[in-house]
1. I'd like the full set of residues that are aliphatic (A, V, I, L, M) and surrounded by 13 or more Cβ atoms within 10 Å (Cβ to Cβ), limited to segment 1-26.
2. Taking segment 7-31 as the region of interest, how many residues are within 8 Å of the chain's Cα centre (by Cα) and either assigned to a loop (DSSP other than H, G, I, E, B) or polar (S, T, N, Q) (or both)?
3. Residues Ala43, Ala29: which one is modelled with pLDDT of 95 or more, surrounded by 13 or more Cβ atoms within 10 Å (Cβ to Cβ) and closer than 20 Å to Asn3 by Cα?
4. With the requirement that a residue be under 20 Å from Asn8 (Cβ atoms), free of Cβ contacts under 8 Å to residues at least 60 places away in the same chain and of a type in the set (Lys, Arg), what does segment 22-80 give you?
Amino acid sequence: MKNIVTKNFVRISKIEAKERFENGEAVYAIAHKLHPENKYSPAFVLPHNYPFNTIVAHATYYNCLDNQSGKYLAFYRKYT
């Protein structure tokens, strides 16, 4: 995992994302080759109405389509 820190986001692992999600914190996701602050395809907040693994599976299927955007999700939290 690349250690990415931007002006507003810090990249976290999937394990940390799941822990934060289950504690009710906001977790952001985006295809791994895209920048989380991209104005055309920004990172989105994972909704809390389904289990974490279900949301990740669906988001991966619909958002990680090709080699240009990436084949898996990268997870971020807000930089504090």
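1. Ile4, Val10, Ile12, Ala17 - these are the residues of segment 1-26 that are aliphatic (A, V, I, L, M) and surrounded by 13 or more Cβ atoms within 10 Å (Cβ to Cβ).
2. 1
3. Numbers: Ala43 fails: modelled with pLDDT of 95 or more.
Ala29 is the lone residue from the list that is modelled with pLDDT of 95 or more, surrounded by 13 or more Cβ atoms within 10 Å (Cβ to Cβ) and closer than 20 Å to Asn3 by Cα.
4. Matches in segment 22-80: Lys33, Lys39.
The values are calculated or read from the model by the stated rules, or taken from the named source; none is laboratory data. What you see is a predicted model, and the numbers here were worked out from it, not measured in a lab. A quick note on method: Cβ atoms are made from the backbone with ideal geometry, for glycine too, and the neighbour counts reach across all protein chains shown.
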